[in-house]
Amino acid sequence: MNSSPIKRDETPATLLADLRQAGREPALPFTLILPAGDRLEFTRLLRLLPGKRLAGLALRNGQPVFAKLFIDADAIRHGERERTGLVALTEAGLPTPPLHFAAPIAEGGYLTLTDFLDGATVLKEHPLTPREPQPVLSAMRLLGRLHGAGLVQDDPHFGNFLLHGGQLLLIDGDGIRVDASASGQCANLARLLAELEPVWDAHHPQLLQAWGRQVDAKALERAMTKARQRRLRRFLAKTVRDCTQFAVHKKFHRFTAVLRSEASNLQPLLADPDTAIATGQCLKNGRTCTVAAIEVSGRRVVVKRYNLKDWRHVLSRLWRPSRAWHSWLAARRLNFYGIATPQALALIEERRGALRGRAFFIAEHCPGSNLLALLDPAREPEPAIQYALRELFQTLYRLRLTHGDLKASNLLWYAGQIVLIDLDALTEHRSLSKFNRAWQRDRERLLRNWPSQSVLVEWLQSTLPG
């Protein structure tokens, strides 16, 4: 890291009240005056909780540091927890960026400063795949060392592991607390394992060996299942409320949810989806559903409008979430589980207060080939497709997920994956008996795409779970 001094900026100090009111877009750079009179200039934000916390690159008298600024009503409490946690990690001999400053500042804020590690990345930004398990194994070893020191993370996730120069470090002292109990550490381990996609479940023995401690396997499995479901509920709830990832607008006549990163590009489409459908390439024009492909900012997207056939259909849909709402949540559910599906971009529901009318679902276009056109019934699939089909259906079966309309045309082969589309009826079952019946319907629907005595169907029958 370059530690050469940078010319001091004498811009006026920023008030924390202004930062609290700035929401998601505080003006940069901004300057704070520290208790000893040092100037701290924030130049780049890396993490932001509006009105609560800002973190990023800052210059302290011209020297780069990583600054974490707490600004809400609980700033002192969270700041002290951050300081205490970082000190505990250091005293336990665990790798963490050195702490240079931690103290309350004017206007009720709290500031911590640590080394700024240029080029460092959090582990969750890396592809965490069993085919390249080393980053996850390294995190498990470090978690084992944390537990060996009698410490746990309140909110264990792979964003709390920082990779820099080939070394893995722990960050987020606010979440570090003392807990040497076997049950507490089992629950902590389970929560981190629940962050991984279900494809990792078969690799738990390897992960536990890296963790390096003893645990009750059944208790761990129960805790992990509970943690995964809790994470899923929290994640799905976030997809329909305004937050960092999603921009949500609720009005009497309309509900809109859109990926915040896509909101600007999609604005013309969101403002008038009917015109976009009318001028786009029609893919389907049915009584209950109209589908069109359109170009938005040089990218092809698919818009699906769920129509209302007649007054009976209107009445039947008034109080129920729309099929677009189901598709939006289903796509997010599959994303959460690491199952390939086109990126869901936006959801629109026409409303009259709590009553729902027509709805729109907008997603990326997937250019893949559907399996009905791709697979030859006279032969088995090529090895890469065989592997992908096994992985997909074993994951769906293990998670008790059914598609509801498993035509081969709803399965696309693209970029080495089977991509699921048309998610209106996707269901995750709690009841095993209901799942088994729905799974058999899915299974039978897929097999009906090809002649019953064909080589392909015989291979599928021997391969599909259940």
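Rundown of residues vs (1) farther than 27 Å from residue 40 by Cβ; (2) without any contact (Cβ under 8 Å) to a residue 12 or more places away in the chain; (3) assigned by TED's automatic domain parsing to the domain that holds residue 81; (4) aliphatic (A, V, I, L, M), yes/no style:
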position: 131; (1), (2), (3), (4): yes, yes, no, no
position: 140; (1), (2), (3), (4): yes, no, no, yes
position: 144; (1), (2), (3), (4): yes, no, no, no
position: 147; (1), (2), (3), (4): yes, no, no, no
position: 153; (1), (2), (3), (4): yes, no, no, no
position: 156; (1), (2), (3), (4): yes, no, no, no
Screening 193, 170 for residues that are within 12 Å of residue 146 (Cβ to Cβ), surrounded by 21 or more Cβ atoms within 10 Å (Cβ to Cβ) and either not aromatic (Phe, Trp, Tyr) or not assigned by TED's automatic domain parsing to the domain that holds residue 339 (or both) leaves only 170
The residue from 56, 62, 51 that alone is under 16 Å from residue 73 (Cα atoms) and among the small types (Gly, Ala, Ser) is 51
Only one of (1) out of contact with any Lys or Arg (no Cβ under 6 Å at 6 or more places or on another chain); (2) among the small types (Gly, Ala, Ser); (3) on the phi > 0 side of the Ramachandran plot fails for residue 79. Which number is that? (3)
Specify which of the listed residues (349, 364) is touching a Pro at 6+ places or on another chain (Cβ under 8 Å), under 30 Å from residue 271 (Cβ atoms) and in contact (Cβ under 8 Å) with a residue 24 or more places away in the chain. 364
Taking the stretch 400-439, which residues are more than 23 Å from residue 387 (Cα to Cα), assigned to a loop (DSSP other than H, G, I, E, B) and over 24 Å from the mean Cα position of the chain (by Cα)? 431
Based on this model, can you work out whether residue 35 counts as modelled with pLDDT under 90 and within 27 Å of residue 176 (Cα to Cα)? yes
Looking at the stretch 451-465, can you tell me whether even one residue there is among the small types (Gly, Ala, Ser) and either within 28 Å of the chain's Cα centre (by Cα) or under 21 Å from residue 328 (Cα atoms) (or both)? no
Hey, among the residues in the stretch 84-127 that are assigned to a helix (DSSP H, G or I) and buried (at least 18 other Cβ atoms within 10 Å of the Cβ), which one's farthest from the chain's Cα centre (by Cα)? 88
With the structure loaded, tell me whether residue 236 is modelled with pLDDT of 95 or more, farther than 16 Å from residue 140 by Cα and not aromatic (Phe, Trp, Tyr) or whether it fails that test. yes
Given (1) more than 23 Å from residue 363 (Cα to Cα); (2) surrounded by 13 or more Cβ atoms within 10 Å (Cβ to Cβ); (3) of a type in the set (Lys, Arg); (4) over 22 Å from the mean Cα position of the chain (by Cα), residue 231 misses just (4)
Scanning the stretch 128-160 for residues that are part of a helix (DSSP H, G or I) and small (Gly, Ala, Ser) gives 138, 139, 144, 148, 159
Filter result for residue 178 (modelled with pLDDT of 95 or more and not assigned by TED's automatic domain parsing to the domain that holds residue 98): yes
Determine which member of the set 322, 297 is modelled with pLDDT under 95, buried (at least 20 other Cβ atoms within 10 Å of the Cβ) and assigned by TED's automatic domain parsing to the domain that holds residue 360. 322
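The values are calculated or read from the model by the stated rules, or taken from the named source; none is laboratory data. Note that the structure is a prediction, hence the values are computed from the model and not measured. Every residue, glycine among them, receives a Cβ derived from its backbone with ideal geometry; neighbour counts consider all protein chains shown.
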